[in-house]
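Read-outs: derived from the displayed coordinates by stated rules, not from any lab. Values in this document were obtained by computation on a predicted structure and should not be read as measured data. Positions of Cβ are backbone-derived with ideal geometry, glycine not excepted, and every protein chain shown enters the neighbour counts.
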Amino acid sequence: MEKFHIAIDGPAGSGKTTVSKRLAEYLGFDYLDTGAMYRAIALFLNERGIPEDDEQGIDEVLSSVKMEFRNGKFFLNGREVGLEIRTAKAGALASRYAKIPVVRKHLTRLQREIADSRKMVVEGRDIGTVVLPDAELKIFLTASVEERARRRWRELKEKGEEISYDEILKQLKERDERDSRRSIAPLKPAKDAVVIDTTDMGVDEVVEKIVNFVKENPKWK
Ligand code: DC
């Protein structure tokens, strides 16, 4: 087996990152976090003062910036994308720049190149619908918005970021709205995706469930 793509999509806080990493490790697959790419690009454009409505400016910057994926890590102009992309601010910026067609065009192309001929778990919002429509397995994770806010709050708190639960809940609702309503590549399950509600499930349970789907797949050998 040369290529096997597992698309893991879903809203913020649905458990995508934790589940995808564990799954990739368990199966010995590579792992691609496309949200990290949107976060890094959004911070980069924002730092350069390029507004969301300047499509031409964005296109120029994205055509010239060197984006690479080496050993599971994402690099912009040779610099590894670090912890700064994990802040609530970077998440909000990513969601805003992710609406812009030219941003999606560049990142979608790069994501397809990276995943080509690989065994890979690819995590995002539009992997099963747009980036890898022929993925061998498509999973859409969801959870109640309150549970997702609790998870995000715990995660940010552990990293020392001071932010209230109510603020996170508000931000998540705004992001869900923006990510689901945008005209291109909106957040929604692919027609052939398996939807898993993780509200009352532990990480191991979710991973086990997905592994069972993988093993049932005719291409899995
Ligand atoms: O998964 P995340 O929280 O790291 O994603 C950050 C934002 O990036 C998210 O709000 C929407 C955007 N995104 C996207 O539009 N398409 C993807 N494939 C991944 C992320």
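Quick one: which of Val121, Val194, Val130 is touching a Leu at 6+ places or on another chain (Cβ under 6 Å) and among the hydrophobic types (A, V, I, L, M, F, W, C)?
Val121
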Original post:
Quick one: is Asp179 farther than 21 Å from Ala24 by Cβ, assigned to a helix (DSSP H, G or I) and touching a Ser or Thr at 6+ places or on another chain (Cβ under 7 Å)?
Top reply: yes
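Scan the stretch 51-86 residue by residue and report those that are among the small types (Gly, Ala, Ser) and closer than 22 Å to Met120 by Cβ. If you could, list the steps in order and put the result at the bottom.
Pass one, the stretch 51-86, residues among the small types (Gly, Ala, Ser): 57, 63-64, 72, 78, 82.
Once the filter is applied, which keeps residues that are among the small types (Gly, Ala, Ser) and closer than 22 Å to Met120 by Cβ, the stretch 51-86 yields only Gly72.
A quick yes/no check of all residues on (1) surrounded by 13 or more Cβ atoms within 10 Å (Cβ to Cβ); (2) under 25 Å from Ile100 (Cα atoms):
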site: Thr142; (1), (2): yes, yes
site: Ala149; (1), (2): yes, no
site: Glu155; (1), (2): yes, no
site: Lys159; (1), (2): no, no
site: Ile163; (1), (2): yes, no
site: Ile168; (1), (2): yes, yes
site: Asp176; (1), (2): yes, yes
site: Asp179; (1), (2): yes, yes
Subject >> Options Gly15, Gly35, Gly28; residue that is on the phi > 0 side of the Ramachandran plot, within 16 Å of the ligand (Cβ to nearest atom) and touching a residue at least 24 places away in the same chain (Cβ under 8 Å) >> reply: Gly15
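Restricting to the stretch 38-59, give me the number of residues that are within 16 Å of the ligand (Cβ to nearest atom) and in contact (Cβ under 8 Å) with a residue 40 or more places away in the chain. Outline the logic, then answer.
Filtering the stretch 38-59 for residues within 16 Å of the ligand (Cβ to nearest atom) gives 38-46, 52, 58.
Narrowing further to those that are in contact (Cβ under 8 Å) with a residue 40 or more places away in the chain: 38-43, 45-46, 52, 58.
Result for the stretch 38-59: 10.
For residues that are assigned to a loop (DSSP other than H, G, I, E, B) and of a type outside the set (A, V, I, L, M), scanning just the stretch 1-16, find the one that is farthest from Ile139 (Cα to Cα).
So in the stretch 1-16, the residues assigned to a loop (DSSP other than H, G, I, E, B) come out as 1-3, 10-15.
Those still in the list that are of a type outside the set (A, V, I, L, M) too: 2-3, 10-11, 13-15.
Working: Glu2: 20, Lys3: 17, Gly10: 8, Pro11: 12, Gly13: 15, Ser14: 12, Gly15: 12 Å.
By that ranking, first place goes to Glu2.
Here is a yes/no grid of residues against (1) farther than 21 Å from Asp30 by Cβ; (2) among the acidic types (Asp, Glu); (3) in contact with a Leu (Cβ under 9 Å, 6 or more places away or on another chain):
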{"position": "Pro51", "(1), (2), (3)": "yes, no, yes"}
{"position": "Glu55", "(1), (2), (3)": "yes, yes, no"}
{"position": "Ser63", "(1), (2), (3)": "yes, no, no"}
{"position": "Asn71", "(1), (2), (3)": "no, no, no"}
{"position": "Lys89", "(1), (2), (3)": "yes, no, yes"}
{"position": "Leu110", "(1), (2), (3)": "no, no, no"}
{"position": "Ile114", "(1), (2), (3)": "no, no, yes"}
Original post:
Among the residues of the stretch 25-44, how many are part of a helix (DSSP H, G or I) and surrounded by 23 or more Cβ atoms within 10 Å (Cβ to Cβ)?
Top reply: 7
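Could you tell me which residue of the stretch 118-140 is surrounded by the fewest Cβ atoms within 10 Å (Cβ to Cβ), considering only residues that are under 13 Å from Phe29 (Cβ atoms) and out of contact with any Phe, Trp or Tyr (no Cβ under 7 Å at 6 or more places or on another chain)? Working first, answer last.
First pass over the stretch 118-140, keeping only residues under 13 Å from Phe29 (Cβ atoms): 118-123, 135-137.
Keeping just the survivors that are out of contact with any Phe, Trp or Tyr (no Cβ under 7 Å at 6 or more places or on another chain) gives 118, 122-123, 135.
Numbers: Arg118: 14, Val122: 27, Glu123: 26, Ala135: 24.
So, considering only residues that are under 13 Å from Phe29 (Cβ atoms) and out of contact with any Phe, Trp or Tyr (no Cβ under 7 Å at 6 or more places or on another chain), the one surrounded by the fewest Cβ atoms within 10 Å (Cβ to Cβ) is Arg118.
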